[in-house]
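Asks: So that we are looking at the same thing, I have put the structure below in structure tokens.
The values are calculated or read from the model by the stated rules, or taken from the named source; none is laboratory data. Please read all numbers here as calculations on a predicted model, not as lab measurements. Cβ sites come from the backbone with ideal geometry, for glycine too, and all protein chains shown count toward neighbours. Heavy atoms of the whole protein, side chains included, go into the accessibility calculation; ligands, DNA and RNA do not. Shrake-Rupley method; radii C 1.70, N 1.55, O 1.52, S 1.80 Å.
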Amino acid sequence: MIQKVLAHYRLTQLSCLGLILFMAVFIAALLWVFRKGSSPFYAELENLPLQDSDRSLKGRI
Amino acid sequence: MQNTSQVLETYQYDDEIVKKFVIATLVWGVVALLLGVFIASQLADWRLNFGISWLTFGRIRPLHTNAAIFAFGGNAIFAGIYYSTQRLLKTRMSSDLLSKFHFWGWQAIIVAAAITLPLGYTMGKEYAELEWPISIGITVVWVTFAVNYFKTLMERRERHIYVAIWFYIATIITVALLHVINTIQIPVSMWKSYPIYAGVQDALVQWWYGHNAVAFFLTTPFLGLMYYFLPKAADRPVYSYRLSIIHFWSLVFIYIWAGPHHLLYTALPEWAQTLGMIFSVMLWAPSWGGMINGLLTLRGVWHRVRTEPILKFFVAGLTFYGMATFEGPLLSIKSVSAIAHYTDWIIAHVHGGTLGWNGFIIFAMIYWMVPKLWKTELYSTRLANIHFWTAFLGTLIYIISMWTAGITQGLMWRAMDSTGHLVYPDFIETVIRIVPLYAVRAVGGGIYLISYLIMFYNIWMTVAKAPKSEKSEVFQAAKLMPVSISQLGDRPHRVLEGLPMVFSVLTFLAVGAGTLIELVPTFFANDYVTTAPNMKPYTGLQLHGRDIYVREGCYLCHSQMIRPMVSETLRYGDYSREQESAFDRPFQWGSKRIGPDLAREGGKYPDLWHYRHMMDPREVTSGSIMPAYPWLYRDKTDFAILQKKLKVMKSLGVPYSDIDIAQAESDARQEAKAIADGLISQGAPTPLEDREIVALIAYLQRLGQDFKKGIIK
């Protein structure tokens, strides 16, 4: 039924727009995480949970 | 780049609030599982509701799902979020008062649900059953949580935002959006309201909500917890941080956009359809990447999985996650859905997710947190291992029995012989065949409950043996200095990944855009769901009967949606048309057929059949597992409220005339008298006309009549 109802729906530009928009953002995110020079940054980030309480006395920026 | 003016600040974590949420999780978990085993047993043996209205399947099932998702799952999520957020941000929650309000407010909502749902106060929309006063309460508590959370983010002493927090933020934003849009309703009285959406539109909004609630209440927060607690338990960082980011964005899109929305592809030009397909596959891969990411985090410490129950729970939980996210898309394939929809296969699917994925992650988290919180050791690792194996066994028995039941029944419904007739024309035959599996399922659930009680005992002893009055630790960290963009010149990425507000806005945009694109079509629904000019809305009595149908939760066992498939139209009659539910608030298409579809029930049997059937289903259909409804023959119809009901309906656009409203009560009494007189002349006892059963029969006899009488074509 939902399928049938949606088939009535003719605003295809909107669907296309959404599809392209999301795909663009998704690809952008992919490129973003693999940008050059980001490795040390992510190495730092991924260690955040491991250093929270015990080693926090030092404090980091 | 940061420097000279470092100010060291001391702070303590608010672990009291985490302890509170942990205890609430443990307690509500027992309730949720107990209710589940209870209603599962009722399907195996109908007598187990003891003939008490507030213990019947239709009233307890919503309580079971609400308790499992929002009480057990909800409290666990909050416990984990409060624990990990404070530590990841190196700060205490912004306001203890707001944290407390969140905790007690949430418990109050659960208690209110536990009282109102068994009494039959329900919106009749799955996972959004709670009536409007409670619904408003949920909004208030959720906003409190959000305010406290975002304030905490602003007060943080760690510049970078770890990926777990992204998942939490997405949860907070999206759940608020889902809840508010889906529960807009107009009250009739303190405990009754009608949604502003009707029929097709209500269905689309409801399943947009339902599908995304699974994503943003049972998936994103749990992934956040997994990304924090798994590295903690394994004592090593997550396998690939990059993958976790892709995982995040693909999830935000996969549900909002590629979920039910892929139906829209049918109307797209070919190139866009192809693009859409590629996109769906691309989105699906990272979701599995998430599971692999979790499992590979354990690289090098696999030997510890053998001995440490916490890691066991993580490994099994992630595996169930992978299974459920594989099964989900499979079930949405048209030809698979044709067999699986309305059957117990779906029940197997959701319990693989909840018992296996959500449950196991919660257990791992509890075993990890409790000793830390109470500054002690776990009472017994052996018991925890026993818990793991029994819970695993229980889940397997549950899933396998429901798969078998679902596929068996699905195939029986479709079976046709060479002459084109149904092989099992009597619905009850397909029920009797799977009742033994319902018993097996109840056993599986029972084993899971027992395993849970083992954990309960273990945690109880852990806390009881913990040293009393431990002072909470004090930490120190530097205050976070505002950094201007220019200072960041060399590392622009920190702007995006470090700024929670920018990130929140992006998430909101992603979710919001998906929502618009998915919901906009429904607002055009009125263009083509045109009601036939001579199609009449329900009479007052029928409407009241419908509300009784909603109250008793009949929709949890009966669908009102015949699909355009030969086996369905042969069994139930012509397939459902969208106009037929144009006046239905809430829609009652249902999602599960424990009993047959009722969309064309009107006129199929005489009134007396229904009268006897509702009194004792086994008297007319031997082997039936439907509950008996003796109280409908005792309780009186509230005729006085009908005027108010019709008025609200009219304000929502249902074509009632002023005369209809003015005479609502007398019209309904007249209609009831006619039905009652007919029944009495066939031997039904008096008095009858003012009893609820008459209103319900009026409703059942109306179902599908517009179509049968040719008003809708």
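Asks: Whole-Hz Karplus ³J(HN,Hα) for the range B:60-72, in order, using 6.51 cos²θ - 1.76 cosθ + 1.60 and θ = phi - 60°, x for Gly and Pro?
Replies: These are the phi-based 3J(HN,Hα) values: 8, 4, x, 5, 4, 5, 5, 5, 5, 6, 8, 8, 5 Hz.
Asks: How tilted is helix B:381-414 with respect to the longest principal axis of chain B? Cα atoms for both, answer in degrees (0 to 90, nearest 10).
Replies: With both axes taken from Cα atoms, the answer is about 30 degrees.
Asks: Another question, if that's okay. Between the range B:123-177 and the range B:320-396, what's the alpha-carbon centroid distance in Å?
Replies: Measuring centre to centre over Cα atoms gives 24 Å.
Asks: Given +1 on the Cβ of Lys and Arg, -1 on the Cβ of Asp and Glu, and no further charges, what dipole in debye does the range B:540-708 carry about its Cα centre, rounded to the nearest 20?
Replies: 360 debye
Asks: For chain B, what does the equivalent ellipsoid look like in terms of its semi-axes, each the square root of 5 times an eigenvalue of the Cα gyration tensor, given largest first in whole Å?
Replies: 47, 28, 26
Asks: May I ask for the accessible area buried between chains B and A, both sides summed, probe 1.4 Å, to the nearest 100 Å²?
Replies: Summed over both sides, the interface buries about 5700 Å².
Asks: Same structure again: Eigenvalues of the Cα gyration tensor times 5, then square-rooted: what semi-axes does that give for the range B:540-708, in whole angstrom, largest first?
Replies: 25, 22, 13
Asks: Using the Kirkwood radius over C-alpha pairs as Rh, can you work out the diffusion coefficient of the range B:317-406 via Stokes-Einstein at 37 °C, viscosity 0.692 mPa s, in µm² per second?
Replies: Calculated translational D: 227 µm²/s.
Asks: Moving on. Hey, if you put +1 on the Cβ of every Lys and Arg and -1 on every Asp and Glu Cβ in chain B, which of B:G58, B:L449, B:A695 ends up farthest toward the positive end of that dipole?
Replies: It is B:L449.
Asks: Considering only protein heavy atoms, with the full assembly of protein chains and a 1.4 angstrom probe, order B:K334, B:K100 by accessible area, largest first.
Replies: B:K334, B:K100
Asks: Something else: Give the long-range amide H neighbours of B:V188: residues separated by 5 or more places, or on another chain, with amide H under 5 Å away, using H modelled in the peptide plane at 1.01 Å from N.
Replies: Under 5 Å from the amide H of B:V188 lie the amide H atoms of B:S193, B:Y194, each far enough along the sequence or on another chain.
Asks: For the full complex of protein chains and a 1.4 angstrom probe, list B:M615, B:M565, B:M291 by accessible area with the highest value first.
Replies: Accessible-area ranking of B:M615, B:M565, B:M291, largest first: B:M615, B:M565, B:M291.
Asks: With +1 on the Cβ of every Lys and Arg and -1 on the Cβ of every Asp and Glu, and nothing else charged, how large is the dipole of the protein assembly as shown about its Cα centre, in debye rounded to the nearest 20?
Replies: 1720 debye
Asks: Among all the aspartates and glutamates, which ones have a C-alpha under 15 Å from A:K36's C-alpha, if same-chain residues fewer than 8 places away are not counted?
Replies: B:D490
Asks: Please go through the residue pairs B:K90/B:K151; B:K192/B:K650; B:K644/B:K673; B:K20/B:K471; B:K20/B:K125 and name each one whose alpha carbons sit more than 19 Å apart in this structure.
Replies: Correct reply: B:K644/B:K673; B:K20/B:K125.
Asks: As a test of the formula, what do you get for chain B when each DSSP H run with n ≥ 4 contributes -39,500 (n - 2.57) and the sum is divided by the residue count, at 222 nm and rounded to the nearest 500 deg cm²/dmol?
Replies: Mean residue ellipticity, 222 nm, calculated: -20500 deg cm²/dmol.
Asks: The protein assembly as shown: percent of C-alpha pairs farther apart than 49 Å?
Replies: I get 20 percent for the Cα pairs in the protein assembly as shown exceeding 49 Å.
Asks: While we're on this one: For the pairs B:K334/B:K645; B:K232/B:K465; B:K100/B:K636; B:K100/B:K592; B:K232/B:K479; B:K334/B:K647, note any where the Cα-Cα span goes beyond 31 Å.
Replies: B:K334/B:K645; B:K100/B:K636; B:K100/B:K592; B:K334/B:K647
Asks: While we're looking at this one, here's another question. Which number do you get for Rg(Cα) / (2.2 N^0.38 Å) in the range B:287-366?
Replies: 1.26
Asks: What nm value, rounded to one decimal, do you get for the distance between B:T307 and B:W631 when each label is placed 7 Å out toward the C-beta?
Replies: 5.6 nm
Asks: I need the calculated FRET efficiency for the pair B:M154 and B:F508, taking r as the beta carbon distance and R₀ as 22 Å, to the nearest 0.05.
Replies: So, using R0 = 22 Å, E works out to roughly 0.80.
Asks: Taking 0.36 nm per residue of separation and subtracting the Cα-Cα distance, what length does fully extending B:S472 through B:I292 add?
Replies: Length gained, B:S472 through B:I292: 61.1 nm.
Asks: Another one. Please give the solvent-accessible surface of B:I397 in Å², to the nearest 10, using a probe radius of 1.4 Å with every protein chain present.
Replies: The accessible area comes out at roughly 50 Å².
Asks: I'd like to check one number: the per residue accessible area of the protein assembly as shown, probe 1.4 Å, reported in Å² as a whole number.
Replies: Roughly 38 Å² per residue, with all protein chains present.
Asks: Compare the Cα positions of B:G420, B:G545, A:V25 along the charge dipole of the protein assembly as shown (+1 at Cβ of Lys, Arg; -1 at Cβ of Asp, Glu; about the Cα centre) and return the one farthest towards the positive end.
Replies: So the residue we want is A:V25.
Asks: Of B:S681, B:S337, which has the most accessible area and how do the rest follow, probe 1.4 Å?
Replies: B:S681, B:S337
Asks: Quote the accessible area belonging to B:L516 in square angstrom, nearest 10, computed with a 1.4 Å probe and with ligands, DNA and RNA left uncounted.
Replies: 110 Å²
Asks: Per the 1.4 Å probe, what fraction of the accessible area of the protein assembly as shown, in percent, lies on carbon and sulfur atoms?
Replies: 66 percent
Asks: Please give the solvent-accessible surface of B:T274 in Å², to the nearest 10, using a probe radius of 1.4 Å with every protein chain present.
Replies: The accessible area comes out at roughly 70 Å².
Asks: What FRET efficiency would be calculated for the residue pair B:M565, B:T319, taking the C-beta separation as r and a Förster radius of 35 Å, to the nearest 0.05?
Replies: The calculated FRET efficiency here is 0.55.
Asks: Using unit Cβ charges (K, R positive; D, E negative) and no other charged atoms, how large, in debye to the nearest 20, is the dipole of the range B:613-713 about its Cα centre?
Replies: Using only the charged Cβ atoms, the result is roughly 340 debye.
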